[in-house]
Amino acid sequence: MNQNSKSTKQFAVALAAVLGGVALGSFIVIRRDEPGRSQRPLPIPSGPGKDAQRGDSWTNDMVWIRGGIFWMGSADGSPDEQPAHEVTVDGFWMDQTEVTNDQFEKFVRATGYVTVAGRKPDPKDFPGASPEMLVPGSVVFKPPPGEVSLDNHYIWWKWTPGADWRHPEGADSDIKGREKHPVVHVCWYDAMAYAEWAGKRLPTEAEWEYASRGGLDRKPYVWGEAQTPNGRWQANIWQGRFPNENTQADGFRGTAPVASFPPNGYGLYDMAGNVWEWCNDWYRPDYYASSPTKNPKGPTESFDPNEPGVPKKVLRGGSYLCSDLYCTGYRPSARMKSSPDTGLSHTGFRCVKDGPPPR
Ligand SMILES: [Ca+2]
Ligand SMILES: [Ca+2]
């Protein structure tokens, strides 16, 4: 375990999504060199917290997830999903949908918060980087025109100056008409800042998986056994040969408005696909072998053998970039990980909240 090891002194973009032996290009790390930087919290603006809900029920747009016991992980999934093990979680409230652009806009207006993607990088953090790189920006998915090898993610992930949550494809783009789409290009620190302002928190990985299964026991999908019951897609993923052929058989090329597909058994939308969702936990591939059976909160330290020096947080649920042909990221047991200061064009989140159950 090496939480504070030295990482590359320049922008680094590294593929970290290898599920089922196939590089999916669905996950990238942009890291800045500063030992331990990823574990240092960014300043979170003081917000109205609980008062954010003043005048409304604070459980508006949330559903109560009754506590219970479930099989977490998968007996035949990726090694980091194993072993499948029984876990008990206490009840909690959860946002019915991913946080939307509209909701994030309210937070930004109230606090003046600037996401990490919107901040100008400090040259001290990036010795050797060219000045044109040291501008606010993010990494954007840009599909190539033809078939390409899946082992070179640089072909479809492009560092894009000016890209952030308001400009998902770069400086010239906007979110007009996408108010109900999930916010993207938000990193874990951004999600934490929003959650704190809203008087909520990010789910643990166990809470997220328990909720995503919607009461179904050890099923491969959050809706059950079959990928497309009655021939209908149940989630916004990618149909066709990634990354150049997107048949949009599910009706959406990129993000979809939240709740465009049926909810799971707990009334939660888009627990599969649309955008990846940040969890609170650090990532370790071997965590399940020794995790607590009751309310596990993740390991105390992160470790990703693909990038040993980069601490990473867990993401769940897959995204619109998960191909039906070879991506399994939208299964409820699938695990993803990313540096907490990295948000991409398919990275979002939803919040949970502790509290009494509904009367
Ligand atoms: Ca789609
Ligand atoms: Ca999702």
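The values are calculated or read from the model by the stated rules, or taken from the named source; none is laboratory data. These numbers were taken from a predicted model, which means no experiment stands behind them. With ideal geometry, Cβ positions are generated from the backbone for all residues, glycine too; neighbour counts draw on all protein chains shown.
A compact table of results
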quantity	calculated
Which listed residue is among the charged types (D, E, K, R), surrounded by 19 or more Cβ atoms within 10 Å (Cβ to Cβ), in contact with a Gly (Cβ under 8 Å, 6 or more places away or on another chain) and touching a residue at least 12 places away in the same chain (Cβ under 8 Å), from ASP304, ASP270	ASP270
Long-range neighbours under 6 Å by Cβ, at least six apart or interchain, first residue touching a residue at least 60 places away in the same chain (Cβ under 8 Å) and among the charged types (D, E, K, R) within segment 348-359, second outside any strand (DSSP E or B) and buried (at least 20 other Cβ atoms within 10 Å of the Cβ)	ARG350/GLU98; ARG350/VAL99; LYS353/LYS200
So ALA211, is it at pLDDT 95 or above, touching a strand residue (DSSP E or B) at 6+ places or on another chain (Cβ under 7 Å), small (Gly, Ala, Ser) and within 14 Å of GLY317 (Cα to Cα)	yes
Filtered residues of segment 313-326 (kept if hydrophobic (A, V, I, L, M, F, W, C), crowded, with 24+ Cβ neighbours inside 10 Å and part of a loop (DSSP other than H, G, I, E, B))	LEU321, CYS322
Segment 332-353, subset surrounded by 24 or more Cβ atoms within 10 Å (Cβ to Cβ) and touching a Pro at 6+ places or on another chain (Cβ under 6 Å), residue nearest to PHE104 (Cα to Cα)	GLY348
Residue match in segment 60-79 (condition: assigned to a loop (DSSP other than H, G, I, E, B), over 21 Å from ARG335 (Cβ atoms), free of Cβ contacts under 8 Å to residues at least 24 places away in the same chain and not β-branched (Val, Ile, Thr))	yes
Which listed residue is polar (S, T, N, Q) and modelled with pLDDT of 95 or more, from ASN152, ASN230	ASN230
Extreme residue, surrounded by the fewest Cβ atoms within 10 Å (Cβ to Cβ), among residues of segment 195-254 that are among the aromatic types (Phe, Trp, Tyr) and part of a loop (DSSP other than H, G, I, E, B)	TRP233
Criterion (under 23 Å from the mean Cα position of the chain (by Cα) and more than 16 Å from ligand 1 (Cβ to nearest atom)) met by exactly one of SER149, SER130, SER138	SER138
